[in-house]
Amino acid sequence: MSVFMDLNIISSNDKNRLQSIIETAAHLSYSTVAINYVIEPQQKKPEIPKPQSVSDIFDKFPIVQGKSSPIKVLNRLTIVASDASHFRPTNEYKNFDLVAVYPKTEKLFHCLYVFPHLSQAACMTFDVDIICIAVTEKQPFHFKRAPVNGAIDRGVFFEICYAAAIRDNIMRRYTISNAFVLMELCKGKNIIVSSGAERPLELRGPYDIANLGLVFSLSDGDAKAAVSTNCRSVLLHGETRATAFGVVHTMKKPQTPEKQEEETPAPKKAKIELV
C-alpha cells in the first residue's frame with residue numbers, strides 16, 4: 001500500500017485550525033505532513049523562528065485512514081529569496097526537518113543550481129531539499145534545462161502547490177502554465193505536489209492530486225509518485241543533509257567452521273571424508 005504525504009501545510013498561530021488541517025489530512029489517508037514556516041527576508045540576516053514542537057499540537061495524534069498508525073508531523077522552513085544573502089544556513093535551520101527555497105530571480109535560480117559548490121556572491125551553496133515554483137503569479141523568468149538538470153542530479157525536488165488554484169481562477173491558470181513549462185524540461189522527474197493549504201477545505205485526497213498531476217502533463221506513474229515515493233525521497237534527502245553524508249557500508253559476515261560444515265551438501269561432505 002502506498003504511503004501518501006503532503007509536505008506543505010502552512011503554519012498558523014491558530015492551534016485549532018492547525019489541528020483541523022492535520023486531522024483532515026489523516027482522514028484523507030496522508031501518513032505524513034509537514035508544517036511549513038515561510039520566511040521572506042527583508043534584510044541580509046533574517047530572523048528564523050523556532051518551530052512549534054509537534055508534540056504540543058496534539059496530546060494524541062489522529063490515526064491515518066486505512067492504517068493503524070498515527071499521522072507523522074514534521075517541520076519545514078521555506079526561504080523566499082530575492083538575493084543570495086537571504087539564504088545563510090545557521091544553527092536555527094537544524095530545528096527543521098526539511099528546508100526549501102523559493103528563488104524569486106533568474107540569477108538565483110540559474111546560477112545556484114548549476115554551480116552549487118561555488119561560494120561567490122551570486123553562487124552561494126543552497127543546500128536545500130525542495131525548490132518551490134511560483135503558483136500565484138506568472139513565472140518571473142524562464143526555466144533553463146541546465147539548472148533544472150543540475151538540481152535533479154543533486155537529488156533536489158521541485159514543488160508545485162495546488163491550494164492557490166482552488167482559491168482563484170487566475171492563479172489556477174498560473175499554476176497549470178508554470179507546471180507545464182517545468183515539465184517540458186524535467187520530464188516529470190523529481191516533482192512533488194503539495195497543498196500549501198491554509199484551511200482544511202483546501203486539502204484534496206492523494207488520488208485526486210494524482211489526477212491533477214495528469215493536468216500538469218505528468219504521466220500516470222509520475223503523478224502518483226509526486227504524492228508518495230518522491231516525497232519519501234525528499235525526507236531521505238533531508239535526513240542526509242542534516243547528517244552531512246548519507247553513506248552506508250556493508251560487508252559480508254565471515255562464517256564459522258561449524259556453520260560452513262552444516263551448510264556443506266551431504267554428497268560433497270561424504271567425498272571429502274573419503275579423501
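The values are calculated or read from the model by the stated rules, or taken from the named source; none is laboratory data. For clarity, every value in this text was computed on a predicted model and none was experimentally measured. Positions of Cβ are backbone-derived with ideal geometry, glycine not excepted, and every protein chain shown enters the neighbour counts. Note: areas computed on protein heavy atoms with side chains; ligands, DNA, RNA excluded. Shrake-Rupley method; radii C 1.70, N 1.55, O 1.52, S 1.80 Å.
Inclusion of N13 among residues that are polar (S, T, N, Q) and in a strand (DSSP E or B) is not warranted.
Looking at D208, D153, D220, D168, just one residue is open to solvent by 50 Å² or more (accessible area, probe 1.4 Å) and within 17 Å of the chain's Cα centre (by Cα), and that residue is D153.
Residues of segment 1-17 that are in contact with a Ser or Thr (Cβ under 8 Å, 6 or more places away or on another chain) and buried (at least 20 other Cβ atoms within 10 Å of the Cβ): F4, M5, D6, L7, N8, I9. The set of residues from segment 45-68 being out of contact with any helix residue (DSSP H, G or I) (no Cβ under 9 Å at 6 or more places or on another chain) and closer than 26 Å to A100 by Cβ comprises S53, V54, S55.
Exactly one residue out of A242, A270, A226 is small (G, A, S), buried (at least 21 other Cβ atoms within 10 Å of the Cβ) and either closer than 19 Å to N36 by Cβ or at pLDDT below 90 (or both): that is A226.
Checked against the criterion of being within 20 Å of H142 (Cβ to Cβ), buried (at least 18 other Cβ atoms within 10 Å of the Cβ) and modelled with pLDDT of 75 or more, segment 81-88 has at least one qualifying residue. Could you check segment 187-200 and list, in sequence order, the residues that are open to solvent by 60 Å² or more (accessible area, probe 1.4 Å) and closer than 24 Å to L236 by Cβ? Once the filter is applied, which keeps residues that are open to solvent by 60 Å² or more (accessible area, probe 1.4 Å) and closer than 24 Å to L236 by Cβ, segment 187-200 yields K187, K189. Scanning segment 20-47 for residues that are part of a loop (DSSP other than H, G, I, E, B) and either polar (S, T, N, Q) or under 18 Å from N8 (Cβ atoms) (or both) returns L28, S29, E40, Q42, Q43.
Consider F158 carefully, then state whether it is farther than 25 Å from H27 by Cβ and crowded, with 23+ Cβ neighbours inside 10 Å. For F158, the condition - farther than 25 Å from H27 by Cβ and crowded, with 23+ Cβ neighbours inside 10 Å - is met. Does segment 177-186 contain at least one residue that is outside any helix (DSSP H, G or I) and either open to solvent by 60 Å² or more (accessible area, probe 1.4 Å) or under 14 Å from N36 (Cβ atoms) (or both)? Within segment 177-186, none of the residues are outside any helix (DSSP H, G or I) and either open to solvent by 60 Å² or more (accessible area, probe 1.4 Å) or under 14 Å from N36 (Cβ atoms) (or both). All conditions but one from (1) over 20 Å from E159 (Cβ atoms); (2) surrounded by fewer than 17 Cβ atoms within 10 Å (Cβ to Cβ); (3) at pLDDT 85 or above apply to V38; the one that does not is (1).
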